[in-house]
Structures are given as structure tokens and as C-alpha cells.
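The values are calculated or read from the model by the stated rules, or taken from the named source; none is laboratory data. Note that the structure is predicted; figures quoted are calculated from it, not measured. Note: ideal-geometry Cβ built from the backbone for every residue, glycine included; neighbour counts use all protein chains shown. Just so you know, the surface numbers come from the protein's heavy atoms only, side chains and all, with ligands and any DNA or RNA stripped out. Shrake-Rupley method; radii C 1.70, N 1.55, O 1.52, S 1.80 Å.
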Number of protein chains: 4
Amino acid sequence: MSETKQDDSQDADRNWRSTCYEIIFEADTPAGKTFDVLLLIAILLSVLSLMLESVDSIQQKNPVLLRSAEWFFTILFTIEYSLRIACAPRPLRYIFSFYGVVDLLAILPTYLVALPIFHERAQGLSVIRALRLLRAFRIFKLAHMLSEAKSLREAIWASRAKIAVFLTFILISVVIVGSAMHLIERGTPGFDSIPESMYWAIVTMTTVGYGDISPVTPAGKTMAACMMMLGYCMIIVPTGIVSAEIASAGGKMVTTRTCPNCMSEGHDQDAQYCKYCSEEL
Amino acid sequence: MSETKQDDSQDADRNWRSTCYEIIFEADTPAGKTFDVLLLIAILLSVLSLMLESVDSIQQKNPVLLRSAEWFFTILFTIEYSLRIACAPRPLRYIFSFYGVVDLLAILPTYLVALPIFHERAQGLSVIRALRLLRAFRIFKLAHMLSEAKSLREAIWASRAKIAVFLTFILISVVIVGSAMHLIERGTPGFDSIPESMYWAIVTMTTVGYGDISPVTPAGKTMAACMMMLGYCMIIVPTGIVSAEIASAGGKMVTTRTCPNCMSEGHDQDAQYCKYCSEEL
Amino acid sequence: MSETKQDDSQDADRNWRSTCYEIIFEADTPAGKTFDVLLLIAILLSVLSLMLESVDSIQQKNPVLLRSAEWFFTILFTIEYSLRIACAPRPLRYIFSFYGVVDLLAILPTYLVALPIFHERAQGLSVIRALRLLRAFRIFKLAHMLSEAKSLREAIWASRAKIAVFLTFILISVVIVGSAMHLIERGTPGFDSIPESMYWAIVTMTTVGYGDISPVTPAGKTMAACMMMLGYCMIIVPTGIVSAEIASAGGKMVTTRTCPNCMSEGHDQDAQYCKYCSEEL
Amino acid sequence: MSETKQDDSQDADRNWRSTCYEIIFEADTPAGKTFDVLLLIAILLSVLSLMLESVDSIQQKNPVLLRSAEWFFTILFTIEYSLRIACAPRPLRYIFSFYGVVDLLAILPTYLVALPIFHERAQGLSVIRALRLLRAFRIFKLAHMLSEAKSLREAIWASRAKIAVFLTFILISVVIVGSAMHLIERGTPGFDSIPESMYWAIVTMTTVGYGDISPVTPAGKTMAACMMMLGYCMIIVPTGIVSAEIASAGGKMVTTRTCPNCMSEGHDQDAQYCKYCSEEL
């Protein structure tokens, strides 16, 4: 009879863990949705308290409140982290997953600051908690946004080769123009080394244009003008790529017909026969 | 007989109100069109007088003229506001509608400034009147622009889920990069708190690049360069989304007619005969 | 016999004028092409000499050369202008056309500077000559570029209503945000009047971001950040509009088929019958 | 027998040269791929050492190491250059090709600096080595990226006429606005000459907006605002052009196969049977 009891106890344990798993890790059940939304609100509030803490005037007025908030959220996230490890089918896989590492990094700094040795160094590290905002992307699992996010990701993924060609071209331009400007604007502050000139080249090419570094000599200005035109024209290319890709992805989405014979998908709207096995659609 | 008289009077009242309603609220009749155009001109002139009043040199030369203009437009808009309440079938619904609140806010400040107590505080509030410019969008009701505005709105509306995904991604990037830069550029003016660093991150990511805040350390510059590339690349995605959406919206507008004979679709808006089987459409 | 002589003389005159007209005004004959290219080179050189003259260091070294060049081009363009009037079938129509006025304005300043009374005022006006560069667009008549320029113009023209809606939206945003920032940033240099705030709003919204004017208060910075996001997102809309328009214009260009019965154009590639009169294509 | 020996020797020579040619110039064989990747790594390292050398603080700490690296890469590239000449079927054609000149320029500066006469002048010229990065584009020969790069190049090439029209329009706008601003902002630093005003016009039109030069007078600010709107709107046009071009290029790639039975076109690349009549393709 003790065996059955043990079985029951194991069953209860399994039930508890699977329920817990459904709530924490999945987002399809009502409880899971609620948990995800509450967690997101907690993350948003903890990031907000972090922001307020970084503003000196606010921090000096409410030091106790902000410190309490920090400890409250740290303990809350520690409980959540422990639960995740407890109910995950493969705890190690979760711990070393991207979100697992982020979850650990989000709670560590507060404990480290409490230790006297790490006090000075770890103070700023609590901003790592902002990374937990990435969990907001989980919210997309909740709604029909998932398909939108998926089609966006697919469009970007489909144009990855073109974007790689494009980025290679930009980076080579930045190195060459940066080197050239270092040579031309020798002596102008901000062009003292090639890495600094490359920083200027990126600032210019992306049309950000801070103005903290700007060419002074006529030759440098001419080169800068050419580079701006290049940067201005270059945004066209990837825009066109992704635009065409999304348009064609949209076109593909219309084709939801499946061949009754070979079960292949992706047939055009006007197709009368399967293009893979010639079966009538 | 007095009853008939009362009826007549009621009829006259009703006629007056419905005529007034047609002129003020609708834009299909010639009188309604004229009223809308005149109102828009009055709004433009009142905003122009507001602008001129804010320029010190002009304000000191013509204080009487500008003050007269302000009172003239305030009284004009007060009359219009009264008429709108008078002839609206449901006055309360108008008063609490968006345009009703804007119309009230546009005339209040001038009266408040006249009262001694509000004098100082209300002076600047007259700029609220600029909100009345939103009535310019009513002008689109006049012409064929309505359909253009509608198709634009529909394209943006159709891509709202994708844009939401995109904006979430931008905001999370801004928070994370802002926090990171606050950590990296500790001590540089402009990165004193996370909200300030986030302001910098938005200025950089949107490629505005004022240059009032810019990174100084090599690590900060490297991170800024990465962020610029990200911001530069990111404009591509929504452009592609809306572009594809407008293209497909334009495509849909053509394909709405079906041939009664061969059931083919895709006929142009101006087609009179089926282009596949010559049947009359 | 004197009549015939007069006729001959008239014929010769007519021939001379029509030949001259063909060379100067048209671009289809080899002589016309050559004239257009030579004229464009002369305009480019005259603009180049203008540019060099405006640089003080160059102007002080070669005052005689630059002055000679100015007079040379002025006299050349005067001769061209006289010829154009002489051989145009309707001289007045040419004189009051856009190019006629530009041609006159291009030669006037040099003569006016020579007169003692206008000396000071007219000195800068010679830059008007840069407007003659617009003649470069005539070069498009020479080659197959004409059709490209035409299809571009048509794409922009076809989307004019959408662009008008878009520009109205931008201008209203600029006025409202400019007024709001004038209220919020009261006292910050650069936000002293609504027109100045509007200038800032345009600089920010178009993502130019000089940085000569930038918000200082937290509220102003928040509003600026919102406006940047708006400006960043707004470039998407017209890009999508024109992009879709050009794509559909490209699609239309394929349709060069003409109905043999009703002579209508614009039939689709796959059309078998005229969509207007049901005639077989 | 000596003849045979000579033949053998010639054969060996030919074999050696053709093997060498395959490795160095081609990228299809495994050895060629390996060579290209190793060469690219060597180029990247040499550019990196150049960058580090330009940073004063690093250069003063490790002068010997950086000098050694420079000589190591110079000698390596000299050997590679000699081998290319040695095994190229037509050495002169290689020497005067684009890559041949770049390869020579990449090794020359180090030798020139060693000579006492050129010491001062040639020091900066070693940055020319950055041009060798262009060899990175050869890497595209390795993979499927070639077709992507090709389709990108074709899309840009197909829209070259439209881009030419667009660039002409921008350049003329820059000259005219530059001249006008030189006239309007007479006396403001940065608008002293037309070329300087044109530099400002390009900085503004491409939305870079350094802020080192910015208009001061109300008229100048108004003109600048108009120009920003123009520049902001103008990026739309080429984006639309290339976008439509890439979309149609993508569309064309699909439609190359024709059904042998019903002669229908527009079959997908992976189709095995005609989607209209079920005939095998």
C-alpha cells in the first residue's frame, strides 16, 4: 500500500510540476496568460524603479522607497527563478538557455551590491535587469501578433543574404572612407586615428550627423559630401529588398491550397493542377 | 388655430435648425462647402495672428492690432460654437466629442486671460487654438481626397499589428541601450540618468542626431556606432511593411468585378466587357 | 520680277528662321543635339566661374580672368537670347515663358552691375544664373531618359492626392508641436517664438537635427522624443505610397496594346478582347 | 630524348602555373576557396594593424610589434603579387587591371617609407592598403551569395536611368539652393562662398545635419525648412524606384519556364508539372 501512496505522492508531485510548468512556461491557458501579463507588469515596474533610481534628484528624495522596490522585485524574481528551475522538465537546459542566463543576471547584482567586496563595482550592474524586457516578446505568443511577428521574421530571414552583401559593402566603405579622411583631415580634432575617423564615417553615413566631429578642409568637405550622397542613396537598396520580400511573402500567404494527393502547399491562386504531382486541385 | 401657428413655428424652428445643421456640420451641399472653406480660412488666420503675436518684435510694434485680431477670432469662434450647440440634434454628444472639446478649448484662454486671477497662467494657453487646425482634415470630406485619405488610413490600419511589433522592438532597444550607455558613459554630461540616456538613444536611433549629447569614451562610441547601424537598418522594416500593404490595397481596389459568363476576376474599374470572353460585365 | 525676288528673300528668311528654330529649340536633329550639349557645357562653365568668383581667395588672385569670363558668358547668352527671340514663331510667348524669363534674368545682373546706380544691389544677383541649370532637364529630351523621367513624373503625379494628405498632416503636426514646444520650453533660446519653434519642429521631424536649437527641460525632451518617433515613422507612409505607385506604373507600362476597333489603350497583357468594346484584340 | 625532357619540363612548368592559377585566381576548387579565405583574413589583420598603428597611445606602446606586422604583411603581399604575375596567363592584363593596381599600391608605401627621400610624404599612404578590402567582394564568388549580389546589381543597373534623372535633380537643387543661401545668408559664417553653401545644402538635404553651419536669418531659416521638406520627400522617390525594380526582378526570376503543351508561362522554379494543363514541364 505504501507503494500506491508513493505513486500518489509522485503523481501529485508530477501534477503540481506540470501545472506549474503550464502556468510559468506556456501561454495558451488562461492561467498562463495571466501569469505572463503579471510578470510583464512586474518587469516594467522594476525597470521604471531602476530609471527613477538613476535620476539623482529623485534618488536623494526617496532613497528608502527605491531601495525597498529594488529588494521587492529582486526577491520576486528570485522566487520566479526558483520556480522555473523547480518545474522545468530539464532544469539545466533552462539555466543555460538565453532567458535563463538573463533571469539570473537580473537578480544577481542586488545580492552582489549587498556584499561589501563587490559594493562599488556591482552598483551599475543592476541595469542588466532591463534585459528582462526582452520577455515582452513572449507577449506576442498571446495573440494573433505571433503570426505577424513570424511573417516579419521570415521576410527579414529570407533577405538575409542580400542584407549581408549590403552590410559588407557598408563596412568596407566605412573602413576605406575612414582611412581616407584620416589622411585628408590630418590634424583636425576627431580624425586623429582611423577608428575615430570610422566612427565619424558611420555617424555621417547613417545620416545621424552629431556634428561633434566634422571636416574642415575643402578636400575633406568634398569627400564628406560624396559620402553623404552615398549614404543617402544606400538606404534605398535594403528598403527595396525588404519591401519586395514582404510583398512577395504577402503574396505567398494567399496561397493556402493543399494538393489532395501529395499534400504539398504553396500553389498559386489560379493553379488548376498540383505543380508537383499533376493531381487536379 | 393657435395650434397650427405653433406647429408652423415649430416647423420653422425645425427647418432653421436642420438648415443650420446642414451648413455647419455637413459638407455635401454648396453652402456647407462654402462654410467649411471659410471656417478653415478663419482658423488659418487666427493661427497666423497667434504666431505673429509670439514674435516679440512684431508684438511690440502692433499690440493693438494683434489684440483686436485675437478678440475678433475668439468672438467669431464663440458664435460658431454657440450655433453648433444650438443646431446639433444631440448637443451633449457634440460638446463631449473630440472636436467639441477642442472648439471650447480654443476660445476659453482669451476669456481667462481677461480675468485678473488667471492673467499670468493662461497667457500661453492660447496656443491651444492651433489644435483647431485639425479641422483641416474635414476639408478632405470635400473632394475625392476622402478616398485617398481612407485608403491611406486602411493601409496603416491593416499593418497595425506589424507596426506594434516593430515599436515594441524599438522601445525595448531604447531602454536596453539607454541603460547600457548610462553604465558605459558614467560621468559624461548627458548620460547622468537612464531617462537622459534614453533620450539620447532615441535621438540617435531616429538618425536626428542633435549632437548636444554624444558619447566620449571608445566603448561608448562603438556602442553608438552599432546603434546607428541598427536604427539605419530598422527604418527598412516598417517601410517595407507599409509599402507592401499599400501595394496590395491598391491591387485589391482593381479586382472586385467578376464576369457573369466565365466567372473570371481581375477586371479593371472602367472595363465594360470581360477581357477573357467578351461578355458584357 | 521684284516680287519674285521679294518672295525669294522671304523664303530665304523663312528658311533661315526655321533652320535656326530647329537648331535652337528642338533636339531631334543632330545639329539641335549638338547645340543643346554645347549650351549645357557653356551653362556649366558659367556656373563654375560664378562659384569660383564667390570664393574670396580665388577671386582676389584672378580678378581679371573671372570678370572676363563673366562678360564672355553674359555676351554669349545675350546672343543666344536674341537669336531665340528672332527665330521663335511667337517671340512674346517665348519671352513670357518660364525659360524665357530665366534666360533674361541670367544676363541682366551683369549689365545692371555695370551701371553705377545698381552697383551695390545687383552684385549678388548674378547667382540667378544658376537657375539656367534647369535647362539640363532638356538634355533628357536627347535620350531614352525621357521615358524614364516621364514615368517618374507620372508616378509622382498619380500619388499627388496621397502626398497632399500627407503634407497637410505634417504641416499641422509642425504647427501644433511648434506651439506646444514654445509653451513648454519658454525661456530656452531658440523657442522664443512660434515660428522659431516651428523651424525646430521641421529640423527635428525631417531627422536633420542641426542641434543649434534643442530642448532642455524634461517635458520638452519627452515631447521631442515623441516627435522624432513620429517623424521617423512618417517617412514610411509616403515611401510606401510612391513605391506602390511606381510598381503599378511599371505594370501598366507593359500594356502597349491598342484595340483595332475603338483605338483604346491600356489593355492587360493577358486580355483577349477589348474591355471597352468587346472587339477581339 | 632531350626534346622529350624539355617537353616534360615545359609540361611541369605549365602544370605548376595552371595549378597556381587555379589556387590564386579561381575560387571553385577547395584549394582556391581556402586560399581566398586565408587571403581575406590576412587583409583583415593587416587593416587592423594599420588601424591600431594610427592610434597614438597604442603606437607608442608597441612600436616594434606594429612595425614588424607592417613588414610581415608587406612581404606576404609582395610574394602574393609576384605569384599572381608569375602564374597569370597574361601578366600585363593583370598588372593594369583594377585589382592589380590596388595590389601594387598596397605594398608600395611601406617600401617608399623605408627610402629616406619619401619618408615624410609616404607615411600616410599606407592607408591605401584598406582598398584591398575590396577583395572581400571576391568571397561572394564562394557561395550562393553570388546570385544575391548579382540580382542586387541587376536591380540597381535596371534603374540606372531613373537614378540618373534623380541625381541630376538633386545636384541642380543643391547648386540653386546653395547659390540662393549664399545670397540670403551673406555674412553668416559657413555661407561665405557658393561651394561652402553647397556643402551645407548637401548636409541638409541628406538629413545628416551636422550643425557646424546653420542659417541665422529668418529668410534663411524658411528656405532651409523648405529644403529639408524637399530632401525628406525626395528620399521617397528612389526608394520607390529600386523597390519596384527589385520586386519585378524577383518576379521575373520565377517566370522563365514555358509549358510545352499549353504554352503558358509563369511557372515556379520548383514546379514539375504545368499548373494549367498538368503536362510535365
- Note on the structure: Using a 1.4 Å probe on heavy atoms of the protein chains only, the accessible area for residue B:51 in Å², nearest 10, reads 30 Å²
- Per-residue mean of other chain beta-carbon atoms within 10 angstrom of the beta-carbon, peptide A:192-202? 6
- Note on the structure: Expressed in square angstrom to the nearest 10, the accessible area of residue D:54 with a 1.4 Å probe stands at 20 Å²
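Please compute the average number of Cβ atoms from other chains found within 10 Å of each residue's Cβ in peptide A:217-226.
Average neighbour count from other chains, rounded to a whole number: 3.
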- Message: Among A:90-103, B:175-188, how do they line up by average Cβ neighbours within 10 Å per residue, starting with the highest?
- Response: B:175-188, A:90-103
- Note on the structure: Phi angles of segment C:195-208, converted by Karplus (6.51 cos²θ - 1.76 cosθ + 1.60, θ = phi - 60°) into ³J(HN,Hα) in whole Hz with x for Gly and Pro, give x, 5, 5, 5, 4, 4, 4, 5, 4, 6, 5, 7, 6, 6
- Query: For the pair A and D, how large is the buried accessible area, both sides, in square angstrom to the nearest 100, if the probe is 1.4 Å?
  - Reply: 4600 Å²
- Item | For segment D:172-178, Karplus couplings with θ = phi - 60° (6.51, -1.76, 1.60), whole Hz, Gly/Pro x | 5, 4, 5, 5, 5, 5, x
- Å³ per residue enclosed by the Cα convex hull of segment C:17-102: 93 Å³
- Item | Largest to smallest accessible area among D:16, B:71 [probe 1.4 Å] | D:16, B:71
- Message: Show me, for segment C:77-85, the HN-Hα J-couplings you get by feeding each phi into the Karplus relation (A = 6.51, B = -1.76, C = 1.60, θ = phi - 60°), rounded to Hz, glycine and proline as x.
- Response: 5, 5, 4, 4, 4, 4, 4, 4, 5
- Item | Accessible surface, 1.4 Å probe, highest first, among residues C:36, B:13 | B:13, C:36
- With R₀ set to 60 angstrom, the calculated FRET efficiency between the beta-carbons of residue A:20 and residue C:167, to the nearest 0.05, is 0.60
- Query: Of A:74, A:85, A:63, which is farthest along the charge dipole of segment A:52-92 in the positive direction, counting Lys and Arg as +1 and Asp and Glu as -1 at C-beta?
  - Reply: A:85
- Query: Which cross-chain or sequence-distant (5 or more) residues have an amide H under 5 Å from the amide H of residue A:210, H modelled 1.01 Å from N in plane?
  - Reply: none
- Give the ranking of D:43, B:235 by solvent-accessible surface, highest area first, calculated with a 1.4 Å probe. B:235, D:43
